[in-house]
Amino acid sequence: QEIIGGLTTFLTMAYIIIVNPSVLSETGMDQSALVIITCLVAGFSTIMMGLIPKVPIAMAPGMGLNAFFAYSIVLGDGVPWQTALGMVFWAGILFLILSIFGAREKIVAAIPKTLVTAISVGIGLFILFIGMKNMGLIVDHPAKLVTLGEFTPKVLIGLFGLFLTIILFLRKNNGAILIGISVATLIGFVTGQVTFPENGMTFNFDISP
């Protein structure tokens with residue numbers, strides 16, 4: 001049961017290895033380096049969760065904050081990604097200090113539950129909007145800013161995977177996300193919409209002084 005649970009969690013979260021570097025690389029950061037650091041951060045954090053608090057919780061970069069980092073701070077406000085990473089570092093230090101002195105729990109407890117729910121929904125809708133844009137369902141428009149795109153095979157496969165995941169989730173299927181991603185990917189391979197790189201995935205790093 002533990003092996004199946006761990007394997008299911010890994011396969012469900014594995015998309016972050018591709019999606020997180022894809023989002024952050026739009027700021028000008030090196031995508032190959034982002035793939036490596038995403039794996040290292042997720043692996044290290046998950047191991048620490050097992051060794052220190054001893055809880056079976058997997059950790060990985062959050063899709064809400066990385067999208068906010070890329071599209072709002074860097075691309076939206078024009079902040080260089082180096083400066084934005086510095087902001088992330090100091091935010092982490094501040095969060096650590098608040099956690100050590102117990103202030104974080106008091107701040108969270110002071111926030112109304114309705115606002116907490118609204119924040120979660122807002123982040124979810126923001127990620128959904130980005131996903132629909134990357135899918136091609138939503139495209140740029142000079143007057144209305146956004147408009148409905150064409151229903152290409154890529155869009156139809158993406159929508160099928162999304163609705164399949166929603167249906168399975170409503171039926172309380174624990175593998176809803178994994179099944180939705182797997183089925184959509186399989187259909188993409190069969191229809192030629194998804195292909196492996198000809199030379200595989202390569203990573204090039206300049207380690208010269």
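Nothing in this text is a laboratory measurement; each read-out follows from the coordinates by a stated rule. These figures come from a predicted structure and were not determined experimentally. When we count neighbours, we look across all protein chains shown, and the Cβ atoms used for this are built from the backbone with ideal geometry, even at glycine.
Screening the chain for DSSP H helices whose Cα atoms reach 20 Å or more along their own axis and whose mean Kyte hydropathy is at least -0.5 gives 31-51, 81-100, 113-135, 153-170, 176-191. The modelled label-to-label distance for the pair ILE123/PHE68, using points 7 Å beyond Cα in the direction of Cβ, is 0.7 nm. Under the rule that an exposed site lies in a DSSP loop and has at most 11 other Cβ atoms within 10 Å, name the longest stretch of the chain with no GluC sites (Glu not before Pro) of that kind, not counting the sites themselves. Longest stretch, sites excluded: 1-149. Over what distance in Å are the Cα centres of the stretch 53-115 and the stretch 152-179 separated? Between the Cα centre of the stretch 53-115 and that of the stretch 152-179, the gap is 29 Å.
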